[in-house]
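Reading through the structure tokens given below for one structure.
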Amino acid sequence: MVTMRNLLVVLAAMALLLLLSCESARLPETAGYGPDPELPPPDPSLIPTVNVARVVGWRDGEMPAVADGLAVNAFASGLDHPRWLHVLPNGDVLVAESNAPPKEEKGVRAWVMAQVMKIAGAGVPSANRITLLRDADGDGVAELQTPFLDNLMSPFGMALVGSDLYVANADALVRFPYEQGATRITAAAHTVAALPGGPVNHHWTKNVIASPDGATLYVTVGSNSNVGERGMEAEQDRAAILAIDPRSGATRVFASGLRNPNGMAWHPDSGMLWTVVNERDEIGSDLVPDYLTSVVDGGFYGWPYSYYGQHVDERVQPQRPDLVATARAPEYALGAHTASLGLAFNTASTASWPAPFANGAFVGQHGSWNRRPPAGYRVIFVPFENGMPSGMPREVLTGFLDARERARGRPVGVVMDSRGDLLVADDVGNVIWRVAPAQ
């Protein structure tokens, strides 16, 4: 039972946390981007930086600012925390309306973080639903918006292989039968494989992508802590991309040391698997950059022992120099604390998009809660040359923060639709934005 005295103590602790957590970035935000980011010495503090953008939402008539040569409109609105997107072969769009499952973390820190997440718009109950959007007349607005799957468990990633629709719940990969054109699935879920969950389930989002031949499913699983402070026993099959046989459910670790991987995509030319990863906190506003990396079978990417390759994190004890010596450095930095989540290569005809956005990857940056000044809160484009990222990113959608650094929206999943346009899930704006070449 929470007494008034205990509540006052907690409120005082939260106020102290907010007052003392004033450490600011010392480098320009651009220093943490590109193929060769600047990595300053760690700047740990007793009180972690907390700089939360309070959610205000979009007012009537407001929308994100879009890059020159592009246009934006609301493809669908009135959703409930839309986070991830999947386009079906007939052009229908599935959107996972989802939020974190209930957690059993206790203590002042856990309570404070829960309040922070509420301010950031992440404290609402999960709708646990996938909704179908259909734009049959091709005008860029979905005229049909209907529940497609209900009673899920904090769903996130989706993949269709033949007539099997796979959904990555927070605790399991499940399968449903799908018929093209269907607007609702009522069949019961078949569990393909259990996924790391439990009462904490710190990074709960699980994404799924199928190999081109459909024989293997790849599932992202984030860590259960910041830098292993719960013990490595709590990290079994976490901070990893798992490879799962959809027929037998047999599961193995495909790549490890990835603190919180989310978006995955196959490069359209090389066929290489790429992912975006959220890196660790609490060593300063300039560290550590989130990143975009190719993923190789058996690859180790450092977490928790090192970051951005072989930069040792001294907070983690005991160390594993044997593993650090094998840690792969990512190809491209996406800025510190930007919460880069969505990833989609531009697979449209290169002639249909303006040249600056024709060859490369779109990245949805959900936005920081622990960096001063804030970072992310936008959709960017990472240019590629010869199958590798090259040069600095280009802004696609901005304006998710207003002049007072309040959040109108927060971009998450990004996907190319069947017409070659970009769709962006805005989870606190409750909108799916459509970005297309300007006419």
TODO: Evaluate segment 313-334: report whether one residue or more is closer than 16 Å to residue 225 by Cα, of a type in the set (A, V, I, L, M), assigned to a strand (DSSP E or B) and at pLDDT 95 or above.
DONE: no
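To keep it simple, each residue is scored yes or no on (1) more than 14 Å from residue 209 (Cβ to Cβ); (2) of a type in the set (Phe, Trp, Tyr).
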| residue | (1), (2) |
| --- | --- |
| 260 | yes, no |
| 263 | no, no |
| 273 | no, no |
| 276 | no, no |
| 284 | yes, no |
| 295 | no, no |
| 298 | yes, no |
| 307 | yes, yes |
Open item on the list: Take residue 92 and tell me if it is more than 22 Å from residue 358 (Cβ to Cβ) and free of Cβ contacts under 8 Å to residues at least 24 places away in the same chain.
Closed with: no
- [ ] Considering every residue within segment 271-283, establish whether at least one is open to solvent by 10 Å² or more (accessible area, probe 1.4 Å) and either in contact with a Leu (Cβ under 7 Å, 6 or more places away or on another chain) or closer than 30 Å to residue 439 by Cβ (or both).
- [x] no
Open item on the list: Restricting to segment 284-300, count the residues that are closer than 16 Å to residue 37 by Cα and assigned to a loop (DSSP other than H, G, I, E, B).
Closed with: 5
Open item on the list: For the structure I just gave you, tell me whether residue 395 is surrounded by fewer than 16 Cβ atoms within 10 Å (Cβ to Cβ) and within 18 Å of the chain's Cα centre (by Cα).
Closed with: yes
Open item on the list: So, in segment 335-353, exactly how many residues are among the hydrophobic types (A, V, I, L, M, F, W, C) and in a strand (DSSP E or B)?
Closed with: 5
Task: Top-ranked residue of segment 145-177 - restricted to ones that are free of Cβ contacts under 8 Å to residues at least 40 places away in the same chain and among the hydroxyl-bearing types (Ser, Thr, Tyr), ranked as most open to solvent (accessible area, probe 1.4 Å) - done: 163
Task: Verdict on residue 405 being closer than 26 Å to residue 157 by Cβ and not aliphatic (A, V, I, L, M) - done: no
Task: Residues of segment 284-310 satisfying the condition of being touching a residue at least 40 places away in the same chain (Cβ under 8 Å), surrounded by fewer than 17 Cβ atoms within 10 Å (Cβ to Cβ) and of a type outside the set (A, V, I, L, M, F, W, C) - done: 297, 298
TODO: Looking for whichever is in contact (Cβ under 8 Å) with a residue 40 or more places away in the chain, surrounded by 24 or more Cβ atoms within 10 Å (Cβ to Cβ) and in contact with a helix residue (DSSP H, G or I) (Cβ under 6 Å, 6 or more places away or on another chain) here; the options are 333, 255. Which one fits?
DONE: 333
- [ ] Mind listing just one residue for me: the one in segment 429-439 that is open to solvent by 20 Å² or more (accessible area, probe 1.4 Å) and assigned to a loop (DSSP other than H, G, I, E, B) and, of those, modelled with the lowest pLDDT?
- [x] 439
Open item on the list: Against the definition (buried (at least 16 other Cβ atoms within 10 Å of the Cβ) and more than 27 Å from residue 229 (Cα to Cα)), how does residue 363 come out, yes or no?
Closed with: yes
- [ ] Please work out which residue is surrounded by the most Cβ atoms within 10 Å (Cβ to Cβ), limiting yourself to segment 220-252 and to residues that are among the small types (Gly, Ala, Ser) and under 22 Å from residue 174 (Cα atoms).
- [x] 239
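The values are calculated or read from the model by the stated rules, or taken from the named source; none is laboratory data. Everything quoted here is computed from the prediction, not taken from an experiment. Methodologically, a virtual Cβ is constructed for each residue, glycine included, from the backbone with ideal geometry; neighbour enumeration extends over all protein chains shown. We work out accessible area using only protein heavy atoms, side chains counted, and drop any ligands, DNA or RNA first. Shrake-Rupley method; radii C 1.70, N 1.55, O 1.52, S 1.80 Å.
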